[in-house]
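Everything on this sheet refers to the single structure shown next.
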Amino acid sequence: MARTTNWVVLGLTLTFLIGPFIIIIFAGASAGESLAFPPAGLSLKWYAKVFTVESFRQSFMLSMFLAVFGTLAALLIGVPAAYALNRYKLPGDETIRTIVAAPIIVPGIIVGLALLRYLVVPLDFTVTMALFFAHTALVLPYAVRVVSSSLHNLRADMEEAAVLLGCSRLQAFTKVVLPNIRGGVLAAFILGFVTSFNQVPVSLFLSGPGVRTLPIDMLAYMEITYDPSVAALSALLAFMSLAIVFAAERLLGFSRYV
Amino acid sequence: MSDAFVSLSDLTLSYGQTVAVPDLDLDIAEGELIALLGPSGCGKTTTMRAIAGLLTPTSGKIVIDGRDVTRTPANQRGIGLVFQSYALFPHLSAFENVAFGLRLKKLPEREIRAKTEAGLDTVGLAGFEKRKPAELSGGQQQRLALARSLVMEPKVLLLDEPLSNLDARLRLEMRTELQRVQKDTGVTMVFVTHDQSEALALADRIVLMKDGRIEQLGTPDELYARPATVFAADFMGFENIFSVNGMELVSETGRLPLGFEADCPKIAWRPAGVTVGEGPHSGKVVASSFAGDHREYVLETPLGQIKADAPIEIAEVPAGAVVSFDLPQSTSRALAA
């Protein structure tokens, strides 16, 4: 009895987790002209069409740019920040931790609106710059958190040992700390990349004429054209995310860090 | 002392507002093996960290080999430290761990290779070059940490609780190893320990510390046989310590006549110094346990509980029985307060 219940719960969970994904794959593989499930016949024409839509190509490049460089920028700030929070007793470090986590907790809509109203408009940022800063800020909490947990497991006396062997503090960091938190940094990068790439609410506020991230572009596309290419594109993006996480898991046991 | 190789003078060490070591003076000769001994919080580790340069003194002076290094950064002092946790670099092989410091010195590759191999050989780790620290046993990790420090040819080698993480057999092995290394290289060694038996077995001189001050300084023989204070006596295994009042021993629970005249505030006996089976006093056996070459008793006496070790030849006195005992002058140790 309990066994049956377990299977039912497991089945339902998987259905809700994977079901939409399967629907999207097949909805995109439709031979028909409009988005529907079950699809009207099977074909790969919509998957092919995705690559011919110019706005998708542009917004994909922008999303890629934001995901890669926004995350790199977040790591550039986040790794030293995590290091300082872990190694030194700073006044108000709890407050700093809370502030750093804020972009995760505060709803994206509010972050987007706030950034738009108080940063982008008064400072006259270009759309790309605004998006870059926003994505960096959104990814920063993940960078700090994931790198922190790596640093936490790294004993401080290892750096002292390096210093006594002749390292400067900076060399101790690059030669001993960094190689040992490499996995955490990579995990933070992947998590940040995926977070940034899939970001909607903040990007929604900050996107401008002709400059959109891919998810926003897909929204806009759907408002005008209700064909299965959006489903096809969604499926492709989901596969891309899966491939990245899968590769990361195989390479360095990604799930240990998240 | 003019021949001091390491000289700490008026050294005050603090963490923020907390003074861990007030005003310490200590001279160490070249090639000496010194133990900083004491319970946790006595300032022994703090003192070691100050010698290494990991802690800047609040005041005072550290001179090593004729050079004032008080303000010299840790990475330029030429001092080795074997950490209690070994602090090996987990991402590097055994070879690269040992070569780490040599590479920073930018020595030619040939020299790095030769020195590293010699270093690994010295500690019996030849053939383990490619292993990562995690693939080595605890004892091997420690010897790797030792080799990593030794190849740098440090002026002073510091060791933090070098034997505490090892089991009994390895401990003996490592002790012999450390003595051999010290003899072969002639390096001045300072090690920190809370275990008096380690200090007694290994050190040329022992610095017994309490509350950041030197309680007593001497050779193992001196400290073992002639502790000067109650604290030192307690640390050296004089477990029966009483106050003296004229011709009487006094404790919180009662008094006992002393069979001789003692002109000191406190007096102490080791368990082995208490005579069991004969003597003017009597006590009830509370506990008795077999310890191989002797038997350990706990006696209930007017002074409270007394620990007494009896030779194995004396027939066992069962718990609950009353036995006579003596606190002879010959095995007593007069103490300052």
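The values are calculated or read from the model by the stated rules, or taken from the named source; none is laboratory data. Since this is a predicted model, take the numbers as computed values, not measurements. Positions of Cβ are generated from backbone atoms using ideal geometry, with glycine treated the same way; all protein chains shown enter the neighbour counts. Surface areas here come from the heavy atoms of the whole protein model, side chains and all, with no ligands, DNA or RNA. Shrake-Rupley method; radii C 1.70, N 1.55, O 1.52, S 1.80 Å.
Residue under question is B:Phe231, and the condition is that it be assigned to a helix (DSSP H, G or I) and out of contact with any helix residue (DSSP H, G or I) (no Cβ under 8 Å at 6 or more places or on another chain); does it hold? Lay out the reasoning, then the answer.
Values: assigned to a helix (DSSP H, G or I): yes; out of contact with any helix residue (DSSP H, G or I) (no Cβ under 8 Å at 6 or more places or on another chain): yes.
Yes; evaluated as a whole, the condition is true for this residue.
Could you list, in sequence order, all residues of segment B:65-86 that are more than 22 Å from B:Asp25 (Cα to Cα), open to solvent by 30 Å² or more (accessible area, probe 1.4 Å) and outside any loop (DSSP other than H, G, I, E, B)? Result: B:Asn75, B:Gln76. Restricting B:Ala262, B:Ala315, B:Ala232 to those that are modelled with pLDDT under 90, under 30 Å from B:Val207 (Cβ atoms), of a type in the set (A, V, I, L, M) and out of contact with any Lys or Arg (no Cβ under 7 Å at 6 or more places or on another chain) reduces the list to B:Ala262.
Of the residues B:Arg71, B:Arg169, the single one that is more than 11 Å from chain A (Cβ to nearest Cβ) and under 19 Å from the mean Cα position of the chain (by Cα) is B:Arg169.
No other residue among B:Phe89, B:Phe95 is open to solvent by less than 40 Å² (accessible area, probe 1.4 Å), within 12 Å of chain A (Cβ to nearest Cβ) and within 22 Å of A:Val177 (Cα to Cα) apart from B:Phe89. The helices (runs of 4 or more DSSP H) found entirely in segment B:90-201 that carry 2 or more residues being among the polar types (S, T, N, Q) and touching a residue at least 12 places away in the same chain (Cβ under 8 Å) are B:109-122, B:138-150, B:168-185. Restricting attention to segment A:124-180 and to residues that are more than 14 Å from chain B (Cβ to nearest Cβ) and part of a loop (DSSP other than H, G, I, E, B), the residue that is least open to solvent (accessible area, probe 1.4 Å) turns out to be A:Phe125.
Which one is farthest from A:Phe125 (Cα to Cα), of the residues in segment A:197-218 that are of a type in the set (A, V, I, L, M, F, W, C) and surrounded by 24 or more Cβ atoms within 10 Å (Cβ to Cβ)?
So in segment A:197-218, the residues of a type in the set (A, V, I, L, M, F, W, C) come out as A:197, A:200, A:202, A:204-206, A:211, A:214, A:216, A:218.
Remaining after also requiring surrounded by 24 or more Cβ atoms within 10 Å (Cβ to Cβ): A:202, A:206, A:214.
Working: A:Val202: 15, A:Leu206: 10, A:Leu214: 20 Å.
Checked segment A:197-218; the qualifying residue farthest from A:Phe125 (Cα to Cα) is A:Leu214.
For A:Leu35, the stated conditions hold: it is in a loop (DSSP other than H, G, I, E, B), touching a helix residue (DSSP H, G or I) at 6+ places or on another chain (Cβ under 7 Å) and surrounded by 13 or more Cβ atoms within 10 Å (Cβ to Cβ).
Inside segment B:218-231, residues that are touching a Leu at 6+ places or on another chain (Cβ under 9 Å) and touching a residue at least 60 places away in the same chain (Cβ under 8 Å) make up a count of 4. Looking at B:Ile241, B:Ile214, just one residue is open to solvent by 50 Å² or more (accessible area, probe 1.4 Å) and not small (Gly, Ala, Ser), and that residue is B:Ile214. Evaluated against (1) open to solvent by 20 Å² or more (accessible area, probe 1.4 Å); (2) of a type in the set (Gly, Ala, Ser); (3) in contact (Cβ under 8 Å) with a residue 40 or more places away in the chain, A:Ala247 falls short on exactly one condition, (3). Is it the case, given these coordinates, that B:Thr72 is in contact (Cβ under 8 Å) with a residue 60 or more places away in the chain and out of contact with any Cys (no Cβ under 7 Å at 6 or more places or on another chain)? No, not satisfied. Out of B:Ile62, B:Ile51, one residue alone is in a strand (DSSP E or B), more than 18 Å from A:Arg155 (Cβ to Cβ) and open to solvent by less than 20 Å² (accessible area, probe 1.4 Å). It is B:Ile62.
Out of segment B:116-126, which residues are surrounded by 16 or more Cβ atoms within 10 Å (Cβ to Cβ) and either touching a strand residue (DSSP E or B) at 6+ places or on another chain (Cβ under 7 Å) or closer than 11 Å to B:Phe95 by Cβ (or both)? Hits for segment B:116-126 are B:Thr116, B:Glu117, B:Gly119, B:Leu120, B:Leu125.
Of all the listed residues (B:Ser332, B:Ser289), the sole one being out of contact with any Pro (no Cβ under 9 Å at 6 or more places or on another chain), open to solvent by 50 Å² or more (accessible area, probe 1.4 Å) and not basic (Lys, Arg) is B:Ser289.
Condition check ((1) within 30 Å of B:Asn97 (Cα to Cα); (2) free of Cβ contacts under 8 Å to residues at least 40 places away in the same chain) across all residues:
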{"position": "A:Ile105", "(1), (2)": "no, yes"}
{"position": "A:Ala114", "(1), (2)": "no, yes"}
{"position": "A:His152", "(1), (2)": "yes, no"}
{"position": "A:Val177", "(1), (2)": "yes, no"}
{"position": "A:Leu186", "(1), (2)": "yes, no"}
{"position": "A:Phe189", "(1), (2)": "yes, no"}
{"position": "A:Val202", "(1), (2)": "no, no"}
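For segment A:181-196, the set of residues classified as farther than 26 Å from A:Leu165 by Cα and open to solvent by 10 Å² or more (accessible area, probe 1.4 Å) consists of A:Leu186, A:Phe189, A:Ile190, A:Leu191, A:Phe193, A:Val194, A:Thr195, listed by residue number.
Taking every residue in segment B:264-284 that is within 13 Å of B:His294 (Cα to Cα) and pairing it with any residue that is open to solvent by 70 Å² or more (accessible area, probe 1.4 Å), at least 6 positions away or on another chain, the pairs with Cβ-Cβ distances below 9 Å are B:Pro271/B:Glu239; B:Pro271/B:Glu296; B:Pro271/B:Lys307; B:Gly273/B:Ser330; B:Val274/B:Lys307.
When segment B:127-175 is filtered for residues that are surrounded by fewer than 16 Cβ atoms within 10 Å (Cβ to Cβ) and touching a strand residue (DSSP E or B) at 6+ places or on another chain (Cβ under 8 Å), only B:Ser164 remains.
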